[in-house]
Each structure stands twice: as structure tokens, then as C-alpha cells.
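Here the structure comes first, spelled out in C-alpha cells, and everything after it is commentary.
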Amino acid sequence: MVNVIWVMMLVIGIIYALFNGTLEEVNQAIFESADQAISLVIQLMSVLIFWLGIMKIAERAHILKALSSFFRPLITRLFPELPRDHPVIGYILSNITANIFGLGNAATPMGIKAMEEMQTLNQSKDTASRSMITFLALNTSGLTLIPTTVIAIRMQYESTAPTEIVGTTIIATVISTISALLLDRFFYYRSVWRK
């Protein structure tokens, strides 16, 4: 459906430009935007590759293992119905760690794998389990300590202080994560009480 909406917007814009006599400006904007998009993708790729390399170094230095051990008690409390020794816990921890470092694109494959593993444990295959809903809320709120992607975009557009958003990002994501978890628990317990 979203694809249809985008195509409709594109077609309407081109038709409007034809009747308005601004088709040349539209063509120029399309090519300038394409050039900017390629530059932005290259800039973001370099930052993503750098942080993935840092994550790989952290993994080989057993820093990720230490982070996983540190966060494991919290994760087992957030997801009490998941077995403590199941591989899904590792995927959840990897996803959260990548999100903490602002690597949303790198976190996505681990998040998908975590959801697949939770689906194998789900008794009702056509309904999301409590763990799946909690993970979605946690992943969407996205606790971030270092917003690397946003910093890269700000650097691309020559911001004078690209890292000045770190403090506000931490505050905003802590509030959004706490809110997401509180709402998740509220709706879960409300559904339990109604039964």
C-alpha cells in the first residue's frame, strides 16, 4: 500500500509540474537529490563499517560477552518466559547492544533472528507472544548512548558540532525506553486481569 502511495505522489507531482511549467526544475531537483543520496549513503556506509569493525573487535576482546553478562539479569527479567540458556537471549542482547551504539541497521538482522527464535517458542503461532511484544516495544524505543548514524548525517552536512546531540539523545531514548516498557507491562497486566 505504501508503494502505491509513493507512486501516486510521484505521478501527481510530475503531472502538476507539466501543467505548471516547472518540469525542468523537477528534473534538476531529481538529479541533485540523487547525487546527495549517493554521497549520504557512502558517508553512512563508512560510519557503519567502522562501528561494525569496532563491534567485531569488542566481540573478539570479549567485551560483548561482558556486556551480555552484565545485561543478562535484566533481559531475563524483561523476558521471564524465555529459557535462560536459549540462543534467543544472545540475539536479544546483540540487538540491544547494537542499538545502544546507534547501529540500527546492524541491529536489524539480530532483531529479526530474535523474533524468529521467539516464534519457535511461541505456543500460539498466529498471535505475538508476550516476549515478542516486549522485544518490539524495547527495540522500537531504541535506547541509544552513541547515535552514530545521526552524527554521521550531521557530519555529512557540515554541522559545526555534530556530537552535541549525544546528551539529548541519551535523555530522549532513556525516557522512550522506560515509557515503552511501562506501557508494555501496563497492557500486559490489563489483559491478564480481564481474563
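The values are calculated or read from the model by the stated rules, or taken from the named source; none is laboratory data. These numbers were taken from a predicted model, which means no experiment stands behind them. Backbone-built Cβ (ideal geometry, glycine too); neighbour counts: all protein chains shown. Each accessible area value is taken on the protein alone, full model and side chains, heavy atoms only, with ligands, DNA and RNA left out. Shrake-Rupley method; radii C 1.70, N 1.55, O 1.52, S 1.80 Å.
Take peptides 1-9, 85-93 and line them up by average Cβ neighbours within 10 Å, highest first, as a rough protection proxy. Kindly include the intermediate steps, with their values, before the conclusion.
Values: 1-9: 8.3, 85-93: 18.6.
Listed from highest to lowest mean packing, they are 85-93, 1-9.
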With bins of 5 Å, the percent of all Cα-Cα pairs of the chain per bin from 0 is 1, 7, 11, 14, 15, 13, 11, 10, 8, 5, 3, 2, 0, 0
Along the stretch 127-136, Karplus-curve 3J(HN,Hα) (6.51, -1.76, 1.60; θ = phi - 60°) to the nearest Hz, with x for Gly and Pro, reads 10, 5, 7, 4, 5, 5, 5, 4, 5, 4
Using a 1.4 Å probe on heavy atoms of the protein chains only, the accessible area for Tyr157 in Å², nearest 10, reads 130
If each part is reduced to its alpha-carbon centroid, the stretch 131-158 and the stretch 72-108 end up apart, in Å, by 15
Convex hull around the C-alpha positions of the stretch 126-195: the volume in Å³ per residue is 89
Rounded to the nearest 10 Å², the 1.4 Å probe accessible area of Glu32 is 100
Expressed in nanometres to one decimal, the distance between label points 7 Å along Cα→Cβ at Ser46 and Ile12 is 3.9
The stretch 125-195: relative contact order from alpha carbon pairs under 8 Å, six or more residues apart, as a whole percent, is 44
In Å², rounded to a whole number, the accessible area per residue of the chain with probe 1.4 Å is 67
Restricting to Cα pairs under 8 Å and 6 or more apart, the percent relative contact order of the chain works out to 18
Per-residue ellipticity at 222 nm attributable to helices in the chain (runs of n ≥ 4 DSSP H, -39500 (n - 2.57) apiece, nearest 500 deg cm²/dmol) works out to -27000 deg cm²/dmol
Of every hundred units of 1.4 Å-probe accessible area on the chain, the number belonging to carbon and sulfur atoms, as a percent, is 69
Simple spin-label estimate for Ile57/Leu23, 7 Å along Cα→Cβ, in nm, reads 5.4
One would report the Cα pair-distance distribution of the stretch 16-107, bin width 5 Å, in %, as 3, 12, 15, 15, 11, 9, 7, 7, 6, 5, 5, 5, 2, 0
Cα-only Rg/Rh for the stretch 1-61 with Kirkwood Rh rounds to 1.31
Expressed in nanometres to one decimal, the distance between label points 7 Å along Cα→Cβ at Asn105 and Ile170 is 2.6
Here the stretch 145-152 yields Karplus 3J(HN,Hα) values (6.51, -1.76, 1.60; θ = phi - 60°; whole Hz; Gly and Pro given as x) of 9, 10, x, 4, 5, 5, 4, 4
